[in-house]
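Coordinate-derived values only; no laboratory data. In this text, all values refer to a predicted model and were calculated from it rather than measured experimentally. Glycine gets a Cβ as well: all are built from the backbone with ideal geometry, and neighbour counts include every protein chain shown.
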Amino acid sequence: MEAMHPDIERVLFTEDDIKGIVKRLGEQITQDYQGKDLVLIAVLRGAVVFMGDLMRTIDTRCAIDFMAVSSYGDGAKSSGIVRIVKDLDMDIKGRDVLIVEDVLDSGLTLKYLMKNLSNRHPASLEVATFLWKDVPGRTTAVDPKYVGTHCPNEFVVGYGLDYAERYRNLPYVGVLKPEVYS
């Protein structure tokens, strides 16, 4: 799967780029959470690939859990309505929680999720996002502590990111051709 998929307009981040980004984030998180009771929470489904790689680069004790939230009506734009589809299996009270996200654009869904989790009284609550979209003229509702890299405000897929449940398995992040989702 080294060749570019025919639905991809261009590759933004190669497999090697991704490995370097994840390694850097893992080193930062290791340093910041050494000796703490860290829980990584992946927001399903997109973040599962990133979290799988990230947790293997973190050299301190950590637990993992998963949440699934729904906020996308047609798959391209947020509906503004958030609902929890799958909640945590563990209690996070008094623990250091790091939400692991694949991509951050408006941050509205993540803001809702953070409010929900903060009501469960973790010792700390932060966000690590692989991609932070550069959306002109718009401020983000959440300020992540860890940012892998910025990306243009385009429809990106690969490395866990999808369109209609396709392209998650691409080993790179690329821009989807507009004719695919128009």
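Multiply the residue gap between Glu179 and Lys23 by 0.36 nm, knock off their C-alpha separation, and tell me the result in nm, one decimal place.
Extra length from Glu179 to Lys23 when fully extended: 52.7 nm.
Using +1 at the C-beta of Lys and Arg and -1 at the C-beta of Asp and Glu, which of Gly158, Gly107, Pro178 has the Cα lying farthest in the positive direction of the dipole of the chain?
Gly107
Express in nm, to one decimal, how much length is gained between Thr139 and Leu88 on full extension, taking 0.36 nm for each residue of separation and deducting their alpha carbon distance.
This chain segment gains 15.5 nm when fully extended.
What value in Å³ per residue do you get for the convex hull of the alpha-carbon atoms in the chain?
112 Å³
Ignoring everything except DSSP H segments at least 4 long, calculate the 222 nm mean residue ellipticity for the chain; use -39,500 (n - 2.57) per segment, divide by total residues, nearest 500.
It lands at -7500 deg cm²/dmol.
With both partners inside region 8-181, how many of the DSSP beta bridges are antiparallel, as a percent to the nearest 5?
Among the beta bridges of region 8-181, antiparallel pairing accounts for roughly 30 percent.
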